[in-house]
1. Right, V108: β-branched (V, I, T), more than 16 Å from E9 (Cα to Cα) and more than 16 Å from the ligand (Cβ to nearest atom) or not?
2. Looking at G437, is it in the same structural domain as A282 (by TED's automatic domain parsing) and either crowded, with 17+ Cβ neighbours inside 10 Å or in contact (Cβ under 8 Å) with a residue 12 or more places away in the chain (or both)?
3. Give all pairs with beta carbons closer than 9 Å in which a residue from the range 224-240 that is over 21 Å from F45 (Cβ atoms) meets a residue that is among the acidic types (D, E) and not in a strand (DSSP E or B); count only pairs at least 6 apart in sequence or on separate chains.
4. Inspect the range 132-148 for any residue being at negative phi and within 16 Å of the ligand (Cβ to nearest atom) and give the result as yes or no.
5. Identify, please: which residue in the range 233-282 is among the small types (G, A, S) and buried (at least 19 other Cβ atoms within 10 Å of the Cβ) and is, among those, nearest to the ligand (Cβ to nearest atom)?
6. Among the residues of the range 168-183, are any hydroxyl-bearing (S, T, Y), in a loop (DSSP other than H, G, I, E, B) and within 26 Å of the chain's Cα centre (by Cα)?
7. For the list (1) closer than 25 Å to S17 by Cβ; (2) at pLDDT 95 or above; (3) surrounded by fewer than 24 Cβ atoms within 10 Å (Cβ to Cβ), I need the number of the one condition that S150 fails.
8. Could you grab the pairs with beta carbons closer than 6 Å, sequence gap of 6+ or different chains, first residue in the range 291-302 and touching a residue at least 40 places away in the same chain (Cβ under 8 Å) and closer than 16 Å to L354 by Cα, second one within 9 Å of the ligand (Cβ to nearest atom) and not charged (D, E, K, R)?
Amino acid sequence: MEQDKLHEECGVFGLWSVPDAAAVTALGLHALQHRGQEASGIVTFDGARFHSHKGMGLVGDNFGDAKVIASLPGSHSVGHNRYATTGDTVLRNVQPLYADFEFGGLAVAHNGNLTNAHTLRRALVRRGCLFQSTTDTEVFIHLIAISLYSTVVDRLIDALKQVVGAYSIIALSNESLMGVRDPLGVRPLILGKINRSAEGGRLGNSWVLASETCALDIVGAEFVRDVEPGEIIVINDQGVHSIKPFGRQQERFCVFEYIYFARPDSVVEGMPVYEARKRIGAELARESGVPADMVVPVPDSGVPAAMGYAAESGIPFEFGIIRNHYVGRTFIEPTEHIRNLGVKLKHSANRAILEGKRVVLVDDSIVRGTTSKKIVEMMRQAGAAEVHMRISSPPTTHSCFYGIDTPERGKLLAARHDVHEMAKLIGADTLAFVSLGGLYRALGKPSRDPAQPHYCDACFTGDYPIPLPDTSEDVGRHLSYLVEEH
Ligand code: AMP
């Protein structure tokens, strides 16, 4: 039986009024490839008709062919990269999802997780809605379809008022490109503007919506601003309009985007991700410095934090591990055995510099502990005299239900062991994580206010700001029934 994961990390990208929108969208999705490597899709609108192409694999695999791009005419578009790490993904789950309505067409791309999707889905199925996929996004499309409001924007607001979760959405209709961030702003979304076409001609009203700012340069766009938590941006030929249908709440941007997920050259809420990582590394050096000969990053995710650690401690930064760039992320491998092999495929020790040295190893996080264990062992095999592991996040003790893929709690090393036990399990001489307070300080906040934390840090604290997913056995059976029917 096919089993689909209920939440996904993803990248979203959309354009309004940009010549060759499909080709430009493919570039934008390529810059957002780190947010999802499993499948990608683009839907365009040429003023009369919508066109769609979706496929499994990387953006280049799906949109590298000029014939595919030529089959997607139009200057308005929405695109999506999907990252699902468990269960089979089938093409019908690949986004953007498209549907025809009485008001015209609508394509929707979604990053994040609706935590009341099962309840809504059950209610919708009872009303006779026929589901084509197992994604949360389709729940959203059905809510728009059954809304009694007439305009697409009013229907969108109606649907948004019924969903609960952490999400960024880009939707394309015949009349507008719409971008939405959830009321707490857990997932990122930014607005950009393109002033010149590839040929250098001036453009008037050309706009970009994207998960991260790193997708702007590649398409020649300028950053305008972050979409605000709970804000709906509607872009049409008259320009950009902002709607805020939700009451104001304390925002809770996902702190793990700063730690690991976002690309280091992106800027979120005015803070460059690269800078944030270096500052966390410096904080780590201040909190748990240790005498050593070199600071070695676990590439690539540990590099900026290791630079910050080295600068703060005065210990030389060295590439003691070399990464093979022709291997996918080890994390996406389905079994423990393959993951173990994957770590070896991906990293090798730079033996010549490690022999007899005391090494501070820096990585961004420990999830299951597979990576750290292998890397520490690799350092020892290469002759390191001491291995001190430093992690630029607090211990990951809780699963994420809001769009970052973490395994169930029982598989999180820090959920079952204290730091001392973890050090033993991964084989390090010492192990230390940045403190929660240190993390907030690094991000420019004086401290973590427990009553109103600035970020969603549930993976480190268990303080979940949005109700958890509404999964129950009953709903589970219901879902299996639906899945088997297809
Ligand atoms: P593990 O080997 O299970 O302890 O995973 C930790 C490694 O996976 C670290 O090197 C992280 O850089 C990376 N990582 C952490 N979270 C994620 C995630 N959500 N998706 C992919 N990789 C991750």
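The values are calculated or read from the model by the stated rules, or taken from the named source; none is laboratory data. In this text the structure is predicted, and so the values were computed from the model without any measurement. We place every Cβ from the backbone using ideal geometry, glycine too, and count neighbours over all the protein chains shown.
1. Values: β-branched (V, I, T): yes; more than 16 Å from E9 (Cα to Cα): no; more than 16 Å from the ligand (Cβ to nearest atom): yes.
No, not satisfied.
2. Spelling it out, it is not the case that G437 is in the same structural domain as A282 (by TED's automatic domain parsing) and either crowded, with 17+ Cβ neighbours inside 10 Å or in contact (Cβ under 8 Å) with a residue 12 or more places away in the chain (or both).
3. As it stands, the answer is D226/E269; E228/E251; P229/D182; P229/E251; G230/D182; G230/E251, since those pairs meet every condition given.
4. So far as the range 132-148 goes, no, none of its residues is at negative phi and within 16 Å of the ligand (Cβ to nearest atom).
5. At the first step, the residues of the range 233-282 found to be among the small types (G, A, S) are 239, 242, 247, 262, 266, 270, 276, 281-282.
Narrowing the set further to residues that are buried (at least 19 other Cβ atoms within 10 Å of the Cβ) leaves 262, 266, 276, 281-282.
On the way: A262: 12, S266: 16, A276: 15, G281: 14, A282: 19 Å.
Taking the candidates together, the pick is A262.
6. yes
7. Of (1) closer than 25 Å to S17 by Cβ; (2) at pLDDT 95 or above; (3) surrounded by fewer than 24 Cβ atoms within 10 Å (Cβ to Cβ), only one is false for S150: (2).
8. Here the result reads V298/I375, each pair linking the range 291-302 to a residue that is within 9 Å of the ligand (Cβ to nearest atom) and not charged (D, E, K, R).
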